[in-house]
Amino acid sequence: MKVRISKKILVPVVAVVMLVVGSSFKSDFFEIAKQIEIFTTLFKELNMNYVDETNPAELMDTAIKNMLDDLDPYTKFLNEQDVEAYKISNAGKYSGIGSLVRSYDNKLVIIEPYKGSPADKAGLKAGDEIVKIGDISIADFKDDASELLKGSNNTKVEVTFKRQGKTNTAVIEREAIEVDAVPFYSMVNEKTGYIVLSKFNAKASSQTKAALRDLKGQGAQQIILDLRGNPGGLLSEAINVTNLFVPKGELIVTTKSKVKKFNREYKTKNQAVDEDIPLVVLVNGGSASASEIVSGSLQDLDRAVIMGARSFGKGLVQRPLRLTYGTQLKVTISRYYTTSGRCIQSLDYWNRDENGKAVRTTKFNEFKTRNGRKVEDGGGVMPDIEIAALKSNSLTKALVNKSVIFDFATKYYYENTVADIDAFTFNSSDYNDFKTYVSNSNFSFETKTEKALKEAISSDDKAIYGEEIEAGYKNLLAEINTSKLNALDTYQEEIQLNLKDEIVKRYFYREGLYQYYLKNDEAILSATGILEDNAKYQSILR
């Protein structure tokens, strides 16, 4: 019989194993050697003497992961499969079916088939639930089942999936898939170019450069660079993308670490494509890491007007370090600081609250841009011009994270026909349908107020304050729950924006979504307006 040992058993003694990669090895040599010896003997005795059969690999995996959980979410142990996935992510190419897939609840769900990809050719749609790959049931597969969809070019894989209550099968022939860093660029009008930079893989700077030159060739005299939803990637590519707009020799970012060799200054190395072209950069809460290096440094250098909503706030740098047997440790090695000297890290993973959650920075330090404008650290990149609809809130995040918006878009797609993207509208009647859908679903999320009230009700103090106050607490919780549904009206603009994005992709793919943006996206329209008003543009930067 196999058993799983409690995660807490091994964490205290294994927490030193990975420390050998740090610079503290020399100064703490005795303590590290001592703890490794303790762990080695414990691990051997546990596996030899525990009452039931143990799985050493699973125990070690549990120990390592729980040890790293006490640090930050970006420091991770990568097994052989993880290492390969990491390389693919950075390279921007792989062999597979060409679809974004999400794994949860013992199933794989197609999130977005790429236009013209093998998945698209086979007829798979967003919302399809893959329950079987070949002869392997997803529910019975313990590892990441999405890896089964990858394979050599021209090989075939059969998938069984559910769509709208019906079970279907499809045979998909794998192909080489190119993941573009710049999935779209176009002219907004006769003199405004628009570039979407969706990730910082190895293609980011070269594709952005090619797009910029092409748009200038089409007559672009001003540029909108869209970094919304870009989670980041390679630091080197962030420097190179910034370099397209600033001259050679400019300091873009500084990294600081306890390890001296990781303390570095990164400056631009090449001649810019255009140092003077008016530039607006769009960011939101999904813009992180490398996106914040680009937007933050362009802001610090007064080279671009930043528009949208406050960015995510990831000011940490990771590096993969090789371990044995083809594994790696992706470890946070330093913090980075933009040109003005600010670190935009938002969450403090080394000072946690009573629930073990990282504390969000509330005290901000002031810095100045090259022209003397005031900027702050500690909470992401704050735009020069905010766009209310792009701001995030707990309700919208919950609707996205729990796939409520995604699932409603699936329902909408199979109940409505949209033949022309220019004719697409999502009116108040449609939004009322969404509100009804949410009310009839099992959607729920807990606010901080609710959590505090529930803890108060369940505490020993209720014996002191009596049944009437406890009943009052419960009534208040019920009222809060009702108010949360009312908040669907309060945040209609933000929620509706997410709904439109998801629905348009169903009919016209991501390329169609960007085409839709050119005429309907508030951020792009506002950015175009700023660029058209040179006096206002210059006044913001000065």
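The values are calculated or read from the model by the stated rules, or taken from the named source; none is laboratory data. All of these numbers come straight from a predicted model, not from anything done at the bench. Don't worry about glycine lacking a Cβ; one is built from the backbone with ideal geometry, like all the others, and counts go over all protein chains shown.
Failed condition for G326, given (1) on the phi > 0 side of the Ramachandran plot; (2) more than 24 Å from the chain's Cα centre (by Cα); (3) in the same structural domain as L197 (by TED's automatic domain parsing), with all others met?
Of everything listed in (1) on the phi > 0 side of the Ramachandran plot; (2) more than 24 Å from the chain's Cα centre (by Cα); (3) in the same structural domain as L197 (by TED's automatic domain parsing), G326 misses just condition (3).
Please find, within segment 91-114, the residue that is modelled with the highest pLDDT out of those that are surrounded by fewer than 17 Cβ atoms within 10 Å (Cβ to Cβ) and within 22 Å of P231 (Cα to Cα).
In this case the residue turns out to be I111.
Residue check, V259 against (1) aliphatic (A, V, I, L, M); (2) over 14 Å from S289 (Cα atoms); (3) at pLDDT 95 or above, all met but one. Which one?
Of the numbered conditions (1) aliphatic (A, V, I, L, M); (2) over 14 Å from S289 (Cα atoms); (3) at pLDDT 95 or above, the odd one out for V259 is (3).
For A398, are the conditions met, namely being closer than 28 Å to R310 by Cα, exposed (fewer than 11 other Cβ atoms within 10 Å of the Cβ) and within 26 Å of the chain's Cα centre (by Cα)?
When the stated conditions are applied, A398 does not pass them.
Say we look at segment 159-205 and pick out the residues that are of a type in the set (D, E) and under 18 Å from E237 (Cα atoms); which of these is surrounded by the most Cβ atoms within 10 Å (Cβ to Cβ)?
Top of the filtered list is D180.
How many residues does segment 88-107 hold that are part of a strand (DSSP E or B), in contact (Cβ under 8 Å) with a residue 40 or more places away in the chain and either over 19 Å from the mean Cα position of the chain (by Cα) or over 17 Å from A145 (Cβ atoms) (or both)?
The qualifying residues number 4.
How many of the residues in segment 231-263 are of a type in the set (K, R) and without any contact (Cβ under 8 Å) to a residue 24 or more places away in the chain?
Count: 1.
Just to verify a result, which residue in segment 355-390, among those that are modelled with pLDDT of 90 or more and basic (K, R), is surrounded by the fewest Cβ atoms within 10 Å (Cβ to Cβ)?
K374
Does segment 306-313 include one or more residues that are outside any strand (DSSP E or B), of a type in the set (S, T, Y), under 25 Å from S526 (Cβ atoms) and touching an Asp or Glu at 6+ places or on another chain (Cβ under 8 Å)?
yes
Can you confirm whether K142 is crowded, with 17+ Cβ neighbours inside 10 Å and within 27 Å of the chain's Cα centre (by Cα)?
Taking the combined requirement at face value, the residue does not satisfy it.
Can you confirm whether E84 is within 36 Å of the chain's Cα centre (by Cα) and either farther than 30 Å from L513 by Cα or surrounded by 15 or more Cβ atoms within 10 Å (Cβ to Cβ) (or both)?
Against the criterion (within 36 Å of the chain's Cα centre (by Cα) and either farther than 30 Å from L513 by Cα or surrounded by 15 or more Cβ atoms within 10 Å (Cβ to Cβ) (or both)), E84 qualifies.
The rows are residues; the columns are (1) surrounded by fewer than 17 Cβ atoms within 10 Å (Cβ to Cβ); (2) at pLDDT 95 or above; (3) of a type in the set (K, R); (4) part of a loop (DSSP other than H, G, I, E, B).
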residue	(1), (2), (3), (4)
E237	no, yes, no, no
I252	no, yes, no, no
E265	yes, yes, no, no
A272	no, yes, no, yes
E275	yes, yes, no, yes
V294	no, yes, no, no
S297	no, yes, no, no
R303	no, yes, yes, yes
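Which residues, taken from segment 516-542, are of a type outside the set (D, E, K, R), farther than 10 Å from V188 by Cβ and within 27 Å of the chain's Cα centre (by Cα)?
Y516, N520, A523, S526
Do any helices (runs of 4 or more DSSP H) entirely within segment 430-542 hold 3 or more residues that are at pLDDT below 70 and not assigned by TED's automatic domain parsing to the domain that holds V280, and if so, which?
448-458, 462-490
Within segment 169-179, can one find any residue that is of a type in the set (A, V, I, L, M, F, W, C), in a loop (DSSP other than H, G, I, E, B) and closer than 17 Å to Y94 by Cβ?
yes
In segment 126-160, which residue that is among the aliphatic types (A, V, I, L, M) and in a helix (DSSP H, G or I) is modelled with the lowest pLDDT?
Residue satisfying both the conditions and the ranking: A145.
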